[in-house]
Amino acid sequence: MAVKLNKDIQILVVDEQPLTQNYLRYALETLGYSSFHYAENSAVALTLCQDKAFDLIICSFNLNGKDGYQLYQELKARNLFRHSTGFIFISAETDPSLVHSVLELQPDEFMVKPYAIKDLKSRIDRTVQRKNLFRPLYSLMDQKKTEPALQLLDQWLEQGYQSKYNLMLLKIKGEILQQAGRWTEAEQFYSSMVHNENSQWAKLGLARCLIQRERYSEATALLQPLLHKADMKLAALDLLADIHLRQQMYKKAQSELLQAADMAPRNLMRQQKLMHLSRLTHDYEHQFKAAKDLLRFARFSIYEQPDLYLNLARASIDYALSVNEEEQTSRLSKMANDTLTNMRQLFPELRKEEQQVVVQARIYYLKDQIEKAKQLLLALEKSPVTQGPEDILDKAKALHEVGLISSSRELLRQLTQDANQLKNADPVFITYLQQEQQERESLPMGPREFNNNAVELYEKGLWQQALTAFIQAFRIMPGNVGIALNLLQSLRSTENIDPSIQTEQLRLQCEVMLSKAKLNEEQQKRWQQLQSQQKIAI
């Protein structure tokens, strides 16, 4: 049965280009719509949405400052967006990473410029019709009335109301059950749907339920085939990463999140998880990249905050300490400095003075100005400031690096103890804290100095002690080319190595890392010599 469309709806067009606004005005008038407003940027759009409820928003992705993606996020976060409001994205870009990122937001439609009025008509008609037909349900969902919403859904499904939308209604039912935490009902619902060949989405829903009930092997078996489905792969990767996080299989989880972030890089929660996981696995390069992407995609959004700048500066330093290439270290040091400068300019009222001093001390340490760094940190000891866990952790790192070992260890012990007592503490952060505490407890000096000390031991012929030190340094900085070369050379020079040391595995790890790394001329020469020695030995 044909449903007459309601043309008397409130429409908001968000686009900074006057030509596009005029074209959309002409198109909408041609299609019979008459009540529309215009916003040339996100700020105007937000103001209009605060004052008025719109039935349909047609939004360009390409906006200066806060773009369409960030506008959509903010409308959702500030409850300026009803379930009954249609949202159509329009973009001139077709990069797959952008498309995946936008589709992950689940707008009603996504259109690529240029488009014809006929195409616009079909998209608008489809969206408006759907929103009108199911307005009673959307109203209940807006009010978070779970039980009445489920009852209405079941009634419609039983009566065959608008049967062509059955699949959409079933998906909504599953989502409501999950949001309400009704996992047993949700599992039963998805289990009844999962064998339908058109219901791959039900496998995702069932996997979420199984994860909540800690039935990880069953969930994994459901998710693995979905990695080969283009429209399911992203969600499947996220769920597999969640499983491996819960099982403390951190490298697997990181690998899956890296794939997901490559597909849809604008998801800030995913980038934050990736940043935390990467430092836990000592992958400082990906920690740095995730921190950089996190800040880049949060810029101009409601999620932009000083801590994102501090985290990028810290990740820059962590990465710089893990490499031994002077030019790269200098570039990363500059990045840390520039990031602090940008933070001061953007948040003059939230200077976070102590946190900046700690970062500055670590930058001095990078430049081998250790005494200068130490004096900055000693001055802070006299004026303690209440800080968050990340701030305290960074301070503990800085203290350890400059040789104030006991102060560093005491801070880490207290922080770990406090964090373990927190409710709903992030398990990845807790694990990272424990790892940092163990590693700093075992290192009598900063990681750089520890490696240099190992070199001295090696040159003195104390090969067993040098080997033990190189192994420890490589575990903490597995991306450091100099340490890998030193360890490989030590492995090939040292006789009567302790059988408990997994020499073959260490050799392989070093060789794989060196074969992929960008080596300078001197490093390349050393690597070739070590390879030649290996061939002769064979």
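The values are calculated or read from the model by the stated rules, or taken from the named source; none is laboratory data. Every value quoted in this text rests on a predicted model; they were computed, and no experiment measured them. Using ideal geometry, Cβ is built from the backbone for each residue, glycine included, and neighbour counts are taken over all protein chains shown.
Okay, residues lined up against (1) free of Cβ contacts under 8 Å to residues at least 24 places away in the same chain; (2) assigned to a helix (DSSP H, G or I):
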position	(1), (2)
197	yes, no
211	no, yes
236	no, yes
262	no, yes
265	no, no
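Could you list, in sequence order, the residues of the stretch 402-435 that are acidic (Asp, Glu) and within 28 Å of the chain's Cα centre (by Cα)? Correct list: 418, 426. Looking only at the stretch 359-392, count how many residues are hydrophobic (A, V, I, L, M, F, W, C), at pLDDT 95 or above, touching an Asp or Glu at 6+ places or on another chain (Cβ under 9 Å) and closer than 22 Å to residue 308 by Cα. Number of matching residues: 2. Taking first residues from the stretch 418-430 that are assigned to a helix (DSSP H, G or I) and partners that are modelled with pLDDT under 90, the Cβ contacts under 6 Å between residues at least 6 apart in sequence or on separate chains come to 419/425; 430/419.
Which is of a type in the set (Phe, Trp, Tyr), within 29 Å of residue 513 (Cβ to Cβ) and at pLDDT below 95, of 284, 250?
Exactly one of 284, 250 is of a type in the set (Phe, Trp, Tyr), within 29 Å of residue 513 (Cβ to Cβ) and at pLDDT below 95, namely 284.
Might you let me know whether the stretch 97-110 holds any residue that is exposed (fewer than 14 other Cβ atoms within 10 Å of the Cβ), among the β-branched types (Val, Ile, Thr), under 29 Å from residue 258 (Cα atoms) and in contact with a strand residue (DSSP E or B) (Cβ under 6 Å, 6 or more places away or on another chain)? Checking the stretch 97-110: not a single residue is exposed (fewer than 14 other Cβ atoms within 10 Å of the Cβ), among the β-branched types (Val, Ile, Thr), under 29 Å from residue 258 (Cα atoms) and in contact with a strand residue (DSSP E or B) (Cβ under 6 Å, 6 or more places away or on another chain).
Checked across the stretch 316-326, the condition of being surrounded by 21 or more Cβ atoms within 10 Å (Cβ to Cβ), of a type in the set (Phe, Trp, Tyr) and either outside the structural domain of residue 479 (by TED's automatic domain parsing) or farther than 25 Å from residue 289 by Cα (or both) holds for at least one residue. Residues of the stretch 238-258 that are in a helix (DSSP H, G or I) and within 20 Å of residue 218 (Cβ to Cβ): 238, 239, 240, 241, 242, 243, 244, 245, 246, 252, 253, 256.
For the stretch 167-204, name all the residues that are basic (Lys, Arg) and farther than 15 Å from residue 146 by Cβ. Spell out the reasoning first.
From the stretch 167-204, those basic (Lys, Arg) are 171, 173, 182, 203; that's our starting set.
Hits for the stretch 167-204 are 171, 203.
Counting just the residues of the stretch 393-417 that are in a helix (DSSP H, G or I) and of a type in the set (Val, Ile, Thr), which one comes out farthest from residue 249 (Cα to Cα)? Lay out the reasoning, then the answer.
Our first condition is that a residue be in a helix (DSSP H, G or I); within the stretch 393-417, this holds for 393-401, 405-417.
Add one more test, that the residue is of a type in the set (Val, Ile, Thr), and what stays is 405, 416.
Numbers: 405: 31, 416: 21 Å.
For the stretch 393-417, the residue satisfying everything is 405.
If you go through the stretch 493-528 and pick out every residue that is closer than 17 Å to residue 283 by Cα and surrounded by 13 or more Cβ atoms within 10 Å (Cβ to Cβ), you end up with 7.
Name every residue in the stretch 461-492 that is polar (S, T, N, Q) and surrounded by fewer than 23 Cβ atoms within 10 Å (Cβ to Cβ), in order of residue number.
From the stretch 461-492, those polar (S, T, N, Q) are 464-465, 468, 472, 480, 486, 489-490; that's our starting set.
Hits for the stretch 461-492 are 464, 465, 468, 472, 489.
The single residue among 281, 329 that is of a type in the set (Ser, Thr, Tyr), in contact (Cβ under 8 Å) with a residue 24 or more places away in the chain and under 28 Å from residue 236 (Cβ atoms) turns out to be 281.
If we scan the stretch 22-32, do we find a residue that is in a loop (DSSP other than H, G, I, E, B) and closer than 16 Å to residue 122 by Cα? Scanning the stretch 22-32, I find at least one residue that is in a loop (DSSP other than H, G, I, E, B) and closer than 16 Å to residue 122 by Cα, so the answer is yes.
Take residue 52 and tell me if it is basic (Lys, Arg), more than 29 Å from the chain's Cα centre (by Cα) and surrounded by fewer than 21 Cβ atoms within 10 Å (Cβ to Cβ). Walk me through how you get there before you give the answer.
Details: basic (Lys, Arg): yes; more than 29 Å from the chain's Cα centre (by Cα): yes; surrounded by fewer than 21 Cβ atoms within 10 Å (Cβ to Cβ): yes.
Yes.
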